[in-house]
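The values are calculated or read from the model by the stated rules, or taken from the named source; none is laboratory data. Since we're looking at a predicted model, the values are computed, not measured. With ideal geometry, Cβ positions are generated from the backbone for all residues, glycine too; neighbour counts draw on all protein chains shown. Areas reflect the complete protein model, heavy atoms only, side chains present, ligands, DNA and RNA absent. Shrake-Rupley method; radii C 1.70, N 1.55, O 1.52, S 1.80 Å.
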Amino acid sequence: MTYVEEIMEQVVKNNPGQPEFHQAVKEVLDSIALVIDKHEEEYRELRILERLLEPERSHSFRVAWIDHNGKAQVNRGYRVQFNSAIGPYKGGLRFHPTVNSSVMNFLAFEQTFKNALTGQAIGGGKGGSDFDPKGKTDIDIMNFCQSFMVELYKYIGPNEDVPAGDIGVGGREIGYLYGMYKRLTHQYEGALSGKGLSYGGSLVRTEATGYGLTYITEEMLRHAGKTIAGKKVCVSGSGNVATYAIEKVTQMGGTVLTASDSSGYVYDPNGIQADVIKEIKEVRRARIKEYCDLVPTATFVPGKKVWEVACDVALPCAIQNELDLDDAKTLVANGCFAVAEGANMPTTREATDYLQEQGILFMPGKASNAGGVAVSALEMAQNSMRISRSFEEVDNDLKNIMKDIYKQVSEAAADYDREGNFVVGANIAGFRRVVKAMREQGIV
Ligand SMILES: NC(=O)c1ccc[n+]([C@@H]2O[C@H](COP(=O)([O-])OP(=O)(O)OC[C@H]3O[C@@H](n4cnc5c(N)ncnc54)[C@H](O)[C@@H]3O)[C@@H](O)[C@H]2O)c1
């Protein structure tokens, strides 16, 4: 048995009932087997993979809170501090009923490689809760966030661990979390990113993941002699990443045909309007169906996924495993030639393999959605220096970071004779940077 095979068996044995974590680890190990095989003896001796796959620290805690009816509620909170070889832990907080140890481990593990790809000094972490924000009042959200922070603040700090938003955690939630952090620690410091502009946030952080996704997609298309302008694009989701991907694709001359939530999708051949999505999701906090009340040319398709709509480019921006093999076949049959992941692991392994076999340009999330965390790191730097930079400056940095990620990913793939395989390239490039830092710091 090879070292990689042995380790994969061990991961499954040591983390039973964690399918998402196993899926993420398998994808990475399959890609980096090429590198491991070259250094097998040395890596075995240093137990590189064992150390890389064991989170440095995992916190799980009770979150008791009172809802707007005065009733007691209890949820479970998490913070997984996976790897700090290259910097303080960094990664979002997710509030969604599907959150469990498997999802947390998969996200924190992926985050380690993604953060390495940005070239910044940030390690990998992730956190969240099985709390479901759907249908909750503003008071519920504040009470929950405050109780969550009463525990979380013990583990975070600007030089230790800097959480940000993710599914279910946007500007409102970060505000409530930060308010309680400051009250508990009496420190005004950048212990969270994605903060509001009035209290230390960075311009472009809100837009960063969706914009960054669009910039790297354009870069990938450019190298294939194409461009986003004039293309039909399917976007799934209608949250932070989806909204700003829709906005940037439209600005760059593409037409976004779809947006969705867990109830179904809306289709508009004239192009989905990001401002209307913002009104529905950020102001009214309503279901996507309401889009059709505001835009008469749009139609709502209940209970279906966006991938049945013919498009040139697909941008999955909702949740893990939302694009499966059947969806991939439909996309290819309808002429789609590029897929870039806005969400984390939205494409199943079978779907990814099929898309790559069919010669579809495919950019994995750990490269294509890294813009959010990259601008979070810029926010951390601004907080430390007590400065704020202009929209243009930060946006320009974001563009350069995304271009650099494309370069690293394609060069790493080429180094191992896998030109155009950006999954292999992203995993190898991230792995090389993390492992170099781990080796230089000894067995810790
Ligand atoms: N926010 C960031 O900066 C960031 C950065 C990197 C990656 N991501 C990833 O992007 C994805 C979306 O995150 P977000 O921050 O936009 O969250 P969000 O809460 O703002 O939006 C999530 C969206 O997904 C939709 N959704 C959830 N389950 C769905 C389902 N089963 N079918 C269809 N739609 C569904 C929700 O309705 C919502 O529109 C997640 O995978 C997240 O990990 C986010």
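The portion of the accessible surface of the chain made up by carbon and sulfur, rounded to a whole percent, is 49 (1.4 Å probe; DNA, RNA and ligands excluded). Taking the charge dipole of the range 266-365 about its Cα centre, with +1 at Lys and Arg Cβ atoms and -1 at Asp and Glu Cβ atoms, the residue from V313, G359, F300 reaching farthest to the positive side is F300. Summarising the strand pairing of the range 232-313, around 65 percent of its internal DSSP beta bridges are antiparallel.
Counting only Cβ charges, +1 for Lys and Arg and -1 for Asp and Glu, the dipole size of the range 269-364 around its Cα centre is about 380 debye. Ranked by the mean number of other Cβ atoms within 10 Å of their residues, highest first, the peptides 397-403, 117-123 fall in the order 117-123, 397-403. Counting every alpha-carbon pair across the chain, the share separated by more than 42 Å comes to 10%. Per-peptide packing, taken as the mean over residues of other Cβ atoms within 10 Å, places 82-91, 214-223 in the sequence 82-91, 214-223 from highest down. For Y265, the residues whose modelled amide H falls within less than 5 Å of its own, excluding neighbours fewer than 5 places apart on the same chain, are V301, G303, K304. In the range 92-149, the ratio of gyration radius to Kirkwood radius, Rg to Rh, stands at 1.09 when only Cα atoms are counted.
Candidates A426, V276, L331 compared by Cα position along the dipole of the chain: farthest toward the positive end lies V276, with charges placed on Cβ. Counting every alpha-carbon pair across the range 230-370, the share separated by more than 24 Å comes to 22%. Calculate the length of the line joining the C-alpha centroid of the range 282-310 to that of the range 311-329, in whole Å. Their Cα centres are 17 Å away from one another.
Computed with a 1.4 Å probe over protein heavy atoms only, the accessible surface of the chain comes to 40 Å² per residue. Across the range 47-135, the convex hull enclosing all Cα atoms gives 98 Å³ per residue.
DSSP beta bridges fully contained in the chain are about 55 percent antiparallel.
Annotation: peptides 186-198, 138-150, ranked by per-residue average of other Cβ atoms within 10 Å with the highest first, follow the order 138-150, 186-198.
Charging the Cβ of each Asp and Glu at -1 and of each Lys and Arg at +1, and nothing else, the dipole of the chain about its Cα centre rounds to 1160 debye.
Our analysis of the range 236-314 gives Rg over Rh at 0.91, with the two radii drawn from alpha carbon positions and Rh computed by the Kirkwood formula. Distance from the alpha carbon centroid of the range 204-236 to that of the range 99-115 works out to 24 angstrom. The residue list T250, M149, M1 was ranked by how far each Cα lies along the charge dipole of the chain toward its positive end, using unit charges on Cβ atoms, and M149 comes out on top.
The string of couplings for the range 236-246 from the Karplus curve (6.51, -1.76, 1.60, θ = phi - 60°) is 9, x, 8, x, 4, 5, 4, 4, 7, 5, 4 Hz, one whole number per residue in order, with x for Gly and Pro. Sorting the Cα pairs of the range 290-410 by distance into bins of 5 Å, from 0 upward, gives 2, 10, 16, 17, 14, 13, 12, 9, 5, 2, 0 percent per bin.
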